[in-house]
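Read through the structure below, which is laid out as structure tokens, and then see the notes.
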Amino acid sequence: MKSYFYSTRMSLRRAFCGSRFPVAVFLTTLLLILDLLPVFLSGVTIKDGAVYTSYDLLELYELRGMTMFLGFSFITVVLPYAGVFCEDVQNGFLIPFVKRSSAGAYAAGSVLACGVSSFLCAFLGEVLCLGFYALFCPLVGEYFQPGNFPYSLVQGGHYVAFLTAKAVLFGLRGAFFGIVVVFISTMVRNRYVVYAAPFILYYFLMKFAYSIVNVPSTLNIGGIYFVFAFGPEYELKSLAYAALVTVLLGLVTATALSRKTRRMI
């Protein structure tokens, strides 16, 4: 057990200590702002030298575009730690690290650090993006009608809680992509290909997967991480389910990474 604590502590330190994490948060925030920018500008009018927007923050968030900027943000959210296995193999750090702990401890610490750092990078990027547009848009407009939104939190007047739930879901989406990248790295050694995997997967989901495979939202990636899996009236239940799926995926990935590491030592 001591080796697991050591590996987790070292992995988290490597993920958060340094410039990579804040740079990834900044890039993610910038990409998310650019993703929403066309929608925001479409509602901007200038009258008598004053700038007005026809959108409030909740409406703007619901109208966000599925642009390439959003796809690129899934690359930046995994930058802090998802490519650690490829990097450790290339720089010779893998064997010394494993010898000081164990293959299982290295795998568990790496997957945990990747999941946590990717989650926080995505979550903070989303929060900062919303904070940026909150400078120009009110939380809700004067004529805002909660009934126009199917979400139970919005209909109950819990607007900030709804935006927080959406940011958490986006964070879980980031954790999913980060863990998937670690899993892919056990089979593909090229770190550039590994880092490109989230965008490729996102593009495949948007262009092909939904039209080819028709499965319930609780059993497909888009339904779990891009919308609330159990419907808009069950936001918290859907978040708990997405978190559970992420944990299970992390366990599978840690097992695969542990086996791969043992074969290489």
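The values are calculated or read from the model by the stated rules, or taken from the named source; none is laboratory data. Note that the structure is a prediction, hence the values are computed from the model and not measured. Reconstructed Cβ throughout: ideal geometry from the backbone, glycine too, with neighbour counts over all protein chains shown. Just so you know, the surface numbers come from the protein's heavy atoms only, side chains and all, with ligands and any DNA or RNA stripped out. Shrake-Rupley method; radii C 1.70, N 1.55, O 1.52, S 1.80 Å.
Can you give the accessible area of THR186 in Å² (nearest 10), computed on protein heavy atoms with a 1.4 Å probe?
For THR186, solvent-accessible area is about 20 Å².
What is the P(r) of segment 1-88, as percent of Cα-Cα pairs per 10 Å bin from 0?
Result, from short to long distances: 15, 30, 24, 17, 10, 4, 1 percent.
From the convex hull of the Cα coordinates of segment 61-102, what is the mean projected area in square nanometres?
Working: hull surface 18.6 nm².
Averaged projected hull area, Cα only: 4.6 nm².
Which percent of Cα pairs goes in each bin when the distances of segment 156-265 are cut into 5 angstrom slices starting at zero?
In order of increasing distance, the bins hold 2, 11, 18, 19, 19, 14, 8, 5, 2, 1, 0, 0 percent.
Run the Debye formula on the Cα coordinates of segment 161-204, all scatterers equal and no solvent, and tell me log10 I(q)/I(0) at q = 0.27, 0.28 1/Å.
Each listed q maps to, in turn, -0.90, -0.94.
Students sometimes get this wrong: rank ARG100, ARG14 by accessible area, probe 1.4 Å, all chains present, largest first.
On the way: ARG100 170, ARG14 75 Å².
Descending accessible area places them as ARG100, ARG14.
Using the Cβ atoms and a cut-off under 10 Å, what net charge is assigned to the surroundings of PHE149, where Lys and Arg are +1 and Asp and Glu are -1?
Working: positive: none; negative: GLU59, GLU62.
With Lys, Arg at +1 and Asp, Glu at -1, the net is -2.
By its C-alpha gyration tensor, with a ≥ b ≥ c as the square roots of the eigenvalues, how is segment 110-150 shaped: rounded for a/c under 1.5, else prolate for a/b larger than b/c, else oblate? Mind dumping the intermediate values first?
On the way: a/c = 8.25, a/b = 2.27, b/c = 3.64.
Taking the square roots of the gyration eigenvalues as a ≥ b ≥ c, segment 110-150 is oblate.
If exposed chymotrypsin sites (Phe, Trp or Tyr not before Pro) are those in a DSSP loop with at most 13 other Cβ within 10 Å, what is the longest stretch of the chain that has none? Display every interim value, and only then the final one.
On the way: sites that count: PHE93, TYR143.
Maximal segment without exposed cleavage sites: 144-265.
Mind checking which of SER152, GLY141, VAL127 is farthest towards the positive end of segment 19-173's charge dipole, using Cβ charges of +1 (Lys, Arg) and -1 (Asp, Glu) about the Cα centre?
Positive-most Cα among the choices belongs to VAL127.
Of VAL245, VAL23, VAL154, which has the most accessible area with a 1.4 Å probe, and how do the rest follow in descending order? Spell out each step's value before the answer.
Details: VAL245 40, VAL23 75, VAL154 0 Å².
The residues order as VAL23, VAL245, VAL154, largest area first.
To test your reading of the geometry: what angle, between 0 and 90 degrees and rounded to tens, separates the Cα axis of helix 191-204 from the longest principal axis of the chain?
So the helix axis and the longest Cα principal axis differ by about 40 degrees.
For the chain, take the longest principal axis of its alpha carbons; what is the angle in degrees between that and the long axis of helix 103-134, to the nearest 10 within 0 to 90?
That helix lies at roughly 20 degrees to the long axis.
Counting only protein heavy atoms and a 1.4 Å probe, tell me what percentage of segment 137-192's accessible area is made up of carbon and sulfur.
Working: 1520 of 2580 Å².
That fraction is 59 percent.
Leaving ligands and nucleic acids out of the surface, order ILE221, ILE33 by accessible area at 1.4 Å, largest first. Each step should come with its number before you reach the end.
Details: ILE221 55, ILE33 30 Å².
Descending order: ILE221, ILE33.
Using a 1.4 angstrom probe on heavy atoms only, work out the carbon and sulfur share of the accessible area of segment 47-120 in %.
Carbon and sulfur: 64 percent of the exposed surface of segment 47-120.
Between PHE5 and TYR203, with labels modelled 7 Å along Cα→Cβ, what's the label distance in nm to one decimal, could you check?
Simple spin-label model gives 4.6 nm for this pair.
Which value, in debye to the nearest 20, gives the size of the charge dipole of the chain about its Cα centre, when Lys and Arg are +1 and Asp and Glu are -1 at the Cβ?
Numbers: 19 positive and 11 negative charges, 353 e Å.
Using only the charged Cβ atoms, the result is roughly 1700 debye.
Could you quote the convex hull projected area for segment 101-177, Cα atoms only and averaged over all directions, in nm²? Please report the intermediate quantities before stating the final value.
Working: hull surface 26.6 nm².
One quarter of the hull surface, i.e. the mean projection, equals 6.6 nm².
Where a Cα-Cα gap under 30 Å defines reach, which lysines qualify for LYS260, not counting those fewer than 8 residues away within the same chain?
Counting by Cα, and skipping residues close in sequence, LYS260 has these lysines nearby: LYS2, LYS99.
Which lysines, if any, have their Cα less than 19 Å from the Cα of LYS166, not counting same-chain residues under 8 positions apart?
Straight-distance partners of LYS166: LYS237.
Taking the solvent-accessible surface of protein heavy atoms with a 1.4 Å probe, what is the per residue accessible area of the chain in Å²?
Details: 13020 Å² over 265 residues.
Counting only protein heavy atoms, the per-residue value for the chain is 49 Å².
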